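Any read-out appearing in this document is the output of simple, stated calculations on the displayed coordinates, not a laboratory observation. Keep in mind that this is a model prediction, so the values were computed, not measured. Here Cβ is always computed from backbone atoms with ideal geometry, including for glycine, and neighbour counts include all displayed protein chains.
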Amino acid sequence: MSEQDKVYPVNPDLAAKAWIDQARYEQMYQQSIDDPEGFWGEQGKRLDWFKPYNKVKHTSYDPHNVDIRWFEDGTLNAAYNCLDRHLAERGDEVAIIWEGDDPNEDRKITYRELHREVCQFANGLKKLGAKKGDVITLYMPMVPEAAVAMLACARIGAVHSVVFGGFSPDAIGSRIVNSNSNIVITSDEGLRGGKRIPLKENVDEALANPEVKTVEKVIVLKRTGGDIDWHDHRDVWYHDAIAGVSDECPAEEMNAEDPLFILYTSGSTGAPKGLKHTTGGYLVYAAMTHQYVFDYKPGEVYWCTADVGWITGHSYIVYGPLANGATTLMFEGVPSYPTSGRMGEVCDKHQVSILYTAPTAVRALMAQGEHVMDSSKRDSLRILGSVGEPINPEAWEWFHRVIGNGRCPIVDTWWQTETGGILIAPLPGAIAQKPGSATLPFFGVQPALVDNEGHILEGATEGNLVLLDSWPGQGRSIWGDHDRFVQTYFSTYKGMYFTGDGCRRDDDGYYWITGRVDDVLNVSGHRMGTAEIESAMVAHPAVAEAAVVGFPHDIKGQGIYVYVILADGYEPEEDLQKELVKWVRKEIGPIASPDLVQFTPGLPKTRSGKIMRRILRKIAANETDGLGDTSTLADPSVVDELIDQRLNR
Ligand code: PRX
């Protein structure tokens, strides 16, 4: 039996106590498809609404009229749902456990305390001029104040745009320009793996660019106390913004379709897109998936190791868990610091029941051998989760056997920034797992596989993954550019949402995501556009032309391989390779660092001048035997040269 055929059946004890067992999954799934109005109308009641909705679903995937609305005549507030409504019953229970980069630093915040902090900061924001509809940029370390700031924005009806702390000043600046953001919330420095990250300095540099014109205030949290520059007219300390400010702040009444946040993500072309998520449907979906996919039970400690700068952090550190009144753990550091067993040690220290992490983290641990987890017992763990990239069966098995002591089901959750929440995953009490498969769709989700012409393929097959109908958590648009939204997701296959992923379906109807079919890379679970890296490369004077592809990487999943044609007068030297790597780090951020830079006199192109990436990918992957058809190349000798010069790794 091949590794991929292995089945891990549902544990009957777990199923007996789970929110959803197999029979219930089947019955609810059927109902969600047969009667979406009735199904979601009922699910929407898991939130508190100021004004209840009468209309449930109003969605069209017609490319001439893409229009997605859920609960459109209802009003609510996301922060109210994450805080106020829990106060009577569980005000003194812990909402956030914060674990610092330094193992000696931690903090527990109850719902009552979190409510107070959010209200106070919301009033602080208002005092600085923030109002409903403003876009507020967050560039924060993983500290409770990041969640406080997100919820404070939601409370006053401002739209947050969180920029991951690993992005460069240029990346911050372009996001501010695109969103017309008027306030930035940051910290003096971040702390990760014992190293200080110059967050405020990066913001200063971003705002020094004359094209970045809209920012009036920068609110700075004191985290490390490190030296920073100060601009009196613009900069305000976080502690000054809340000093003497009331801790009562009414929650703004928002329409279900008012924007809650923007989150930028990379695509196959152009600059990153600001996905727009709205309030009602997003929160219903985040809360429901958090409860059912992780089988979350009241009182359990739940830990998602993502950063709040990504969609995983939005939906499964902040909004989903807090809407459910859960205890969510927020970790400032990295899994390997100060010891390589830190992840397990944190599980023991806080008695974590549910651990949601990324395959790249599992592979990094696995590479260190069996004993890397010896410093912890992890007896409290009940459910494991994986997200962000395909998990190879070896890593799945190791995650299960070593981290989970062979006891815990793994929910491999497939979804995207665009989807707002998990779409395909094995509900732990209902669906048997197969290592490497995200398994079956969540309620209301209708996946299908299509060929390149858009014909729906039936049965066990492989194709492009599309979704046939909307679910409440779906992103509604691209900020300021609805045409691009339609073009990117709804015009490749008419009447369907195209995910950009390839996928296989087996005889049991299980889905196996095979990776992106467009020019998007997935590096350590981080999504990167090849076009973005290419445009950063050609901005360097030494680069005449660049082509970027991914190649298989043992830990990162995919590495970044760059082919460069040098401009006249530049020599292919090692120092220049290093300089170009540094350049991309500066232009985009450290997560986009190329792994390999190969200088080449030419690139394989068709006679019409299109770069043949398929060939570049093969050469980067060292699969030079099966290059396929090269007869359409303008100059086939380029390929031999590229192979000769291919970098050893
Ligand atoms: O290719 C898929 C991969 O990550 C992409 C989405 O990236 P992003 O928007 O950054 O969101 C990541 C966190 C949800 C998808 O198009 N991906 C995500 N989860 C999985 C996955 N690939 C395989 N298996 C997964 N579980």
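Structure summary
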read-out: Calculated SAXS-style log₁₀ I(q)/I(0) at q = 0.17, 0.19 Å⁻¹ - segment 401-560, Debye, Cα scatterers; value: -1.15, -1.34
read-out: Proximal aspartates and glutamates to K582, defined as alpha-carbon separation beneath 13 angstrom and excluding residues fewer than eight positions away on the same chain; value: E574, D595
read-out: Mean Cβ neighbour count within 10 Å, used as a protection proxy, ranking 79-85, 224-230, 613-619 highest first; value: 79-85, 613-619, 224-230
read-out: Long pairs among K45/K131; K132/K217; K297/K434; K6/K556, criterion Cα-Cα beyond 26 Å; value: K45/K131
read-out: Whole-angstrom Cα spans of segment 58-123 along principal axes, big to small; value: 56, 31, 24
read-out: Radius of gyration, Dmax [segment 524-645; alpha carbons; angstrom]; value: 14.0, 39
read-out: Alpha carbon centroid spacing (whole Å) that separates segment 140-205 from segment 349-380; value: 29
read-out: Charge dipole (debye, nearest 20) of segment 524-645; +1 at Cβ of Lys and Arg, -1 at Cβ of Asp and Glu; value: 640
read-out: Anchor K586: aspartates and glutamates whose Cα lies under 12 Å away (excluding residues fewer than 8 positions away in-chain); value: D170, E205
read-out: Contour excess over end-to-end distance, with Cα ends at S246 and T606 and 0.36 nm allotted per residue; value: 123.0 nm
read-out: Cα centroid separation - segment 447-466 against segment 594-643, whole Å; value: 29
read-out: Length added when fully stretched, V7-E458, from 0.36 nm per residue minus Cα-Cα; value: 160.1 nm
read-out: Fraction of beta bridges assigned by DSSP in segment 524-645 that are antiparallel (%, nearest 5); value: 75
read-out: Simple label model, 7 Å out from Cα along Cβ direction - E641 to I565, nm; value: 0.9
read-out: Spacing of the two label points (7 Å from each Cα toward its C-beta) at Q487 and K108, in nm; value: 5.3
read-out: Mean Cβ count within 10 Å, highest first, over the residues of peptides 129-141, 353-365; value: 353-365, 129-141
read-out: Cα Rg over Rh - the chain, Kirkwood; value: 0.95
read-out: Computed magnitude of the charge dipole of the chain (debye, nearest 20; Cβ of K, R +1, Cβ of D, E -1); value: 880
read-out: DSSP bridge orientation in segment 92-194 - percent antiparallel, rounded to nearest 5; value: 40
read-out: Share, in percent, of DSSP beta bridges within the chain that are antiparallel, nearest 5; value: 60
read-out: For the chain: relative contact order, % (alpha-carbon pairs under 8 angstrom, 6 or more apart); value: 14
read-out: Under 18 Å from the Cα of K349 - aspartates and glutamates, other chains or at least 8 residues apart; value: E93, E99, D101, D102, E105, D106, E300, E332, D374, D379
read-out: Length added when fully stretched, K494-Q368, from 0.36 nm per residue minus Cα-Cα; value: 40.6 nm
read-out: Using a Förster distance of 45 Å, the FRET efficiency for E623-H58 (Cβ separation, nearest 0.05); value: 0.40
read-out: Euclidean distance between Cα centres, segment 519-580 to segment 286-348, Å; value: 33
read-out: At q = 0.18, 0.22 Å⁻¹, base-10 log of I(q)/I(0) for segment 523-588 (Debye sum, equal scatterers on each alpha carbon); value: -0.67, -0.95
read-out: Ratio of Rg to Rh over segment 108-224 (Cα coordinates, Kirkwood Rh, two decimals); value: 0.96
read-out: Cβ-placed point charges (K, R +1; D, E -1), dipole of segment 113-188 about Cα centre in debye, nearest 20; value: 360
